[in-house]
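Beneath this line is the structure, given in structure tokens, with notes to follow.
Read-outs throughout are calculated quantities, based only on the coordinates presented, and are distinct from any laboratory measurement. Just so it is clear, the model here is predicted, and its values are computed rather than measured. With ideal geometry, Cβ positions are generated from the backbone for all residues, glycine too; neighbour counts draw on all protein chains shown.
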Amino acid sequence: MTSPIISINNLKKSFGQLSVLKDVSLEVNKAEVVALLGPSGSGKSTLLRCLNLLTVPDGGSIQINDNTMTFTNGKHSKLPKDKALAQFRANTGMVFQQFNLFPHMSVLRNVMEGPVTVKKMPKAQAEALALKLLGKVGLADRADYYPDMLSGGQKQRVAIARALAMEPAVMLFDEATSALDPELVGEVLGVMKSLASEGMTMILVTHEIAFAREVADKVVFMRDGVVVEAGPPSIVIDNPKCDATRSFLSHFYGNNA
Ligand code: ADP
Ligand code: MG
């Protein structure tokens, strides 16, 4: 038995009166792909943001790799000092719905930027790494382009390469295909699928139910800040036990679910 690469215990987060994560616990094993499903407002993005401390939890703990953060001070919980924070954040690479590329930098520079500025990697080495990763996402021939010369699907693939350049242990995808025109969704899902098949540990928030069923090892259904149901796709998607899960899925499958 290997220990999980991520262990989230009793995580809590409120914004003012609104309790967004009520008591969330979740374990993710190395090379596992976890799909996080749930209606809008259920706390999915907040959970992902807590994992790299873009949002500071009020309570509970998060262990990723060998780093553990425990939050005991409610809304007064604070972030750790710079070095510990940077070390914790380096465990995860995040891909957002909006690509957030640097518009004034070439595709190559966008991917090199993290390794050069954060990791102090020599430029030649960062360039070689960036070219390798651009090849992996099928964009080696776009290295000298600028973001506004690319389609949404290409931009998102650059954003994935940029996150991979930091060599994270876990990749987090927050509705990575939701902003894309339908004909561009497939190319991004294709890259995500190939990452999964290479053994990357991934947590993905998605409304692509068919993709989640195909790629995920575990599906977690959240509603109102709690995990309602978690298990293999053959259970949570095909034979959900909870009414809330069934009702959510029925929006995607009409009245078949
Ligand atoms: P999901 O990703 O599942 O749609 P979110 O985690 O984005 O859900 O949001 C959950 C709830 O928390 C929503 O009601 C949202 O409005 C609220 N929320 C999220 N971030 C903030 C914030 N920074 N300040 C106040 N409320 C927030
Ligand atoms: Mg969200």
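For the residue pair LEU18 and ASP144, what label-to-label distance in nm results when each label sits 7 Å from Cα along the Cα-to-beta-carbon direction?
4.7
Enumerate the calculated ³J(HN,Hα) couplings along the range 192-209 in order (Karplus 6.51 cos²θ - 1.76 cosθ + 1.60, θ = phi - 60°), each rounded to whole Hz, writing x wherever the residue is Gly or Pro.
With coefficients 6.51, -1.76 and 1.60, one gets 5, 5, 5, 4, 4, 6, 7, x, 5, 6, 9, 10, 10, 8, 8, 9, 8, 5 Hz.
Given a cut-off of under 8 Å on Cα pairs at least six residues apart, what relative contact order in percent is computed for the range 113-257?
RCO, the range 113-257: 15 percent.
What percent do you get for the relative contact order of the range 101-160 when only Cα pairs under 8 Å and 6+ apart count?
Relative CO of the range 101-160 lands at 46 percent.
In whole Hz and in residue order, list the ³J(HN,Hα) couplings for the range 115-132 that follow from phi through the Karplus curve 6.51 cos²θ - 1.76 cosθ + 1.60, θ = phi - 60°; x for Gly and Pro.
So the Karplus estimates, Gly and Pro as x, are x, 6, 7, 8, 8, 6, 6, x, 4, 4, 5, 5, 5, 4, 5, 4, 5, 4 Hz.
Near the amide H of VAL228, under 5 Å away, which other amide H atoms are found, from residues 5 or more places off or on another chain, if H is placed in the peptide plane?
Under 5 Å from the amide H of VAL228 lie the amide H atoms of PHE221, MET222, ARG223, each far enough along the sequence or on another chain.
What size of dipole, in debye to the nearest 20, comes out for the chain about its Cα centre when the only charges are +1 on Lys and Arg C-beta atoms and -1 on Asp and Glu C-beta atoms? Present the calculation step by step, with values, prior to reporting the outcome.
Working: 27 positive and 25 negative charges, 167 e Å.
It works out to roughly 800 debye.
Given only helices, namely DSSP H runs of n ≥ 4 each adding -39500 (n - 2.57), what is the per-residue ellipticity at 222 nm of the chain, to the nearest 500 deg cm²/dmol?
-10500 deg cm²/dmol
Can you tell me what the convex hull of the Cα atoms of the range 16-162 projects to on average, as an area in nm²?
10.7
In whole Hz and in residue order, list the ³J(HN,Hα) couplings for the range 41-56 that follow from phi through the Karplus curve 6.51 cos²θ - 1.76 cosθ + 1.60, θ = phi - 60°; x for Gly and Pro.
Whole-Hz 3J(HN,Hα) from phi for the range 41-56: x, 7, x, 5, 5, 4, 4, 4, 5, 5, 5, 10, 6, 5, 10, 8.
Do you know the relative contact order of the chain, to the nearest whole percent, from alpha carbon pairs under 8 angstrom that are 6+ apart?
24
Quick query: amide H of GLY93 versus all other amide H atoms, modeled in the peptide plane; which residues come in under 5 Å with a sequence gap of 5 or more or a different chain?
VAL170, MET171, LEU172
Restricting the count to DSSP beta bridges whose residues both fall in the chain, what percent are antiparallel, rounded to a multiple of 5?
55
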